[in-house]
1. What tally of residues in region A:220-238 results from selecting those that are under 16 Å from A:ARG304 (Cβ atoms) and in a helix (DSSP H, G or I)?
2. For residues in region B:197-207 being open to solvent by 20 Å² or more (accessible area, probe 1.4 Å) and among the hydrophobic types (A, V, I, L, M, F, W, C), which is nearest to the other protein chains (Cβ to nearest Cβ)?
3. On the basis of being more than 21 Å from B:ALA20 (Cα to Cα) and open to solvent by less than 20 Å² (accessible area, probe 1.4 Å), does B:MET123 make the cut?
4. How many of the residues making up region B:237-260 are open to solvent by less than 50 Å² (accessible area, probe 1.4 Å) and either farther than 30 Å from A:ARG14 by Cα or hydroxyl-bearing (Ser, Thr, Tyr) (or both)?
5. Please verify whether A:ILE100 is at pLDDT 95 or above, open to solvent by less than 40 Å² (accessible area, probe 1.4 Å) and in a loop (DSSP other than H, G, I, E, B), treating the condition exactly as stated.
6. Condition first: more than 30 Å from A:ALA237 (Cα to Cα), out of contact with any Asp or Glu (no Cβ under 7 Å at 6 or more places or on another chain), within 9 Å of chain B (Cβ to nearest Cβ) and not charged (D, E, K, R). Can you find one or more residues in region A:101-119 that meet it?
7. Could you tell me which residue of region A:1-17 is farthest from the other protein chains (Cβ to nearest Cβ), considering only residues that are outside any helix (DSSP H, G or I) and more than 28 Å from the chain's Cα centre (by Cα)?
8. Among the residues of region B:22-37, what is the count of those that are at pLDDT 95 or above, out of contact with any Phe, Trp or Tyr (no Cβ under 7 Å at 6 or more places or on another chain) and surrounded by 15 or more Cβ atoms within 10 Å (Cβ to Cβ)?
Protein chains: 2
Amino acid sequence: MAVFTSVSEDELTRWLQAYAIGTLIEFEGIASGIENTNYFVTTTRGRYVLTLFEKLTRQELAFYLNLMAHYARHGIPAPAPIADHGNRLLGELNGKPAAIVTRLSGKSIMQPAAAHCAAAGAMLGQMHLAGQSFHMQLENPRGPRWWRATAPLLRPFLDQAQRELVESELAFQASRRLDRLPRGVIHADLFRDNVLFNAGEIGGVFDFYFAGNDVLLFDLAVCANDWCVDDAGEIDAERAQALLAAYHRLRPLVAEEHAAWPLMLRAAALRFWLSRMYDLHVPRAGEIIHPHDPHRFRRILELRRANTGPPWIG
Amino acid sequence: MAVFTSVSEDELTRWLQAYAIGTLIEFEGIASGIENTNYFVTTTRGRYVLTLFEKLTRQELAFYLNLMAHYARHGIPAPAPIADHGNRLLGELNGKPAAIVTRLSGKSIMQPAAAHCAAAGAMLGQMHLAGQSFHMQLENPRGPRWWRATAPLLRPFLDQAQRELVESELAFQASRRLDRLPRGVIHADLFRDNVLFNAGEIGGVFDFYFAGNDVLLFDLAVCANDWCVDDAGEIDAERAQALLAAYHRLRPLVAEEHAAWPLMLRAAALRFWLSRMYDLHVPRAGEIIHPHDPHRFRRILELRRANTGPPWIG
């Protein structure tokens, strides 16, 4: 159970009076929260998710909530934070920063076909285009700076081969200049379970709490390593082609991005290998994590490093 | 047919590329437009309404579109204008200012029970509260200034009794000071046909193109004269009570508003009597209007003037 801060019916009823979304019908805690406390909330107006933020700073929350509101304003099916009567997206409930957002509908598709990958690519393209007019800044919280800070914390838990792989990949990534790659706001975690489908179309995109400013192509590589791989972790050419082509139609990839694609697939693999090892080996107070097995992303990293095929697919 | 500016499939497909709402599936003109050209548009993302504005100025449109976006941000079920990649709510299509907004669902209820009136009152209360943090200004385009400017244009078409009624009511309204009544953004036209219900709850509020800054109580009087009247135009006490009580729970009415209620009911009746006579007698180029019969609001005005009951209901 991951309701870190409990909320009573009276407290929620009173809190909702600062919003224009009707009166409370019912609510229930969501057990799957990792860092935050989440409730499903139903009012006379509709279905929402209430989040009490346990860890994120106000600066981070301002970025995330305004980004979600920006996407919603552009018609991206992101959770829309509801503004209170004072026009604030971030409130406070039981001493915690809190926000209420619209609840999305649909189902994640864990065995995506090429058409689903195309839908994900198009959605990412739309998000990157819409993100161009979002002017707040937050460095990707799991970007290269975080990799370099985290690797030393993991050393005690790694065997020799793992250490060498981390060091070698960090050195390789640091040796490549990325200055000429287009940058912008990225979701940075658009795995299959953060996308909801309704009748074959994407009806929801969520979990923006790792978003930040970084290389746009990195976002696409995160997707490819999750949506377009076989059980062994190898890229499935047809699905990857579908993802990239759909994205490219919206935001045409430039020559530097073609060249950087193998590098980005490695970077995206490294990022999740590191964070999964971090979640496994470095538990933090006040977080309940059921860590994913890091091994899969070690395997994906090795496969991407070994790739000697053409740098670009299709 | 009121598609003043036609749009081809190719033109719309191209235009939608500036937005993040997927690709065109189908679209069709809406015949009921009076001043603007409207199309229903279905994309891979959802259902929208495209409007090409034939008359409104850019200043008026900035107010209306930002107001609708503001309400949507607050969870009010208003049509949400979609921002383009440059974050603009107002675009241009075939030489006309144009915007695309989300399409609402639900049905108007033309024979409202007290519960529907309560829902309308609560919605108006929510809108007035949410409107407090909207900081653009536009004078109510059909407010007292418009009444005074319009009455002389109607004189040639009125008989003696009508002229006297207009003059008498204008003089009465002008003699009352409204300085102490709370002001804000009002919808100003929240008739039954501008509200959509889904399963007894309001699922949509639309037609914001008469909104502006004015006395909040005027908005409630416009509602009461439409939602809470019998066939003869008399106020139905039960429905009016339901409307007012639901509103009052959200934004408690102050003593000055209690006292001004009969005045406001007369003002709201005058406004629609004048505008319906104007639509009937003073046709404007480029507008296709099927004028409502002005007589009903003359009758309502006479009834409100004759009301000698208690100034406040309930």
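1. 9
2. The extreme case among them is B:ALA199.
3. Values: more than 21 Å from B:ALA20 (Cα to Cα): yes; open to solvent by less than 20 Å² (accessible area, probe 1.4 Å): yes.
Here the answer is yes, as B:MET123 does meet what is asked.
4. Of the residues in that region, 2 qualify.
5. Numbers: at pLDDT 95 or above: yes; open to solvent by less than 40 Å² (accessible area, probe 1.4 Å): yes; in a loop (DSSP other than H, G, I, E, B): no.
Considered against the rule, which asks whether it is at pLDDT 95 or above, open to solvent by less than 40 Å² (accessible area, probe 1.4 Å) and in a loop (DSSP other than H, G, I, E, B), A:ILE100 comes out as no.
6. yes
7. Once the filter is applied, the top-ranked residue is A:SER8.
8. Residues flagged as at pLDDT 95 or above, out of contact with any Phe, Trp or Tyr (no Cβ under 7 Å at 6 or more places or on another chain) and surrounded by 15 or more Cβ atoms within 10 Å (Cβ to Cβ) within region B:22-37 amount to 1.
The values are calculated or read from the model by the stated rules, or taken from the named source; none is laboratory data. A quick note: this is a predicted structure, and the numbers were derived from the prediction, not measured. Glycine gets a Cβ as well: all are built from the backbone with ideal geometry, and neighbour counts include every protein chain shown. The protein model used for the area step is the full one, side chains on, heavy atoms only, and it has no ligands, DNA or RNA in it. Shrake-Rupley method; radii C 1.70, N 1.55, O 1.52, S 1.80 Å.
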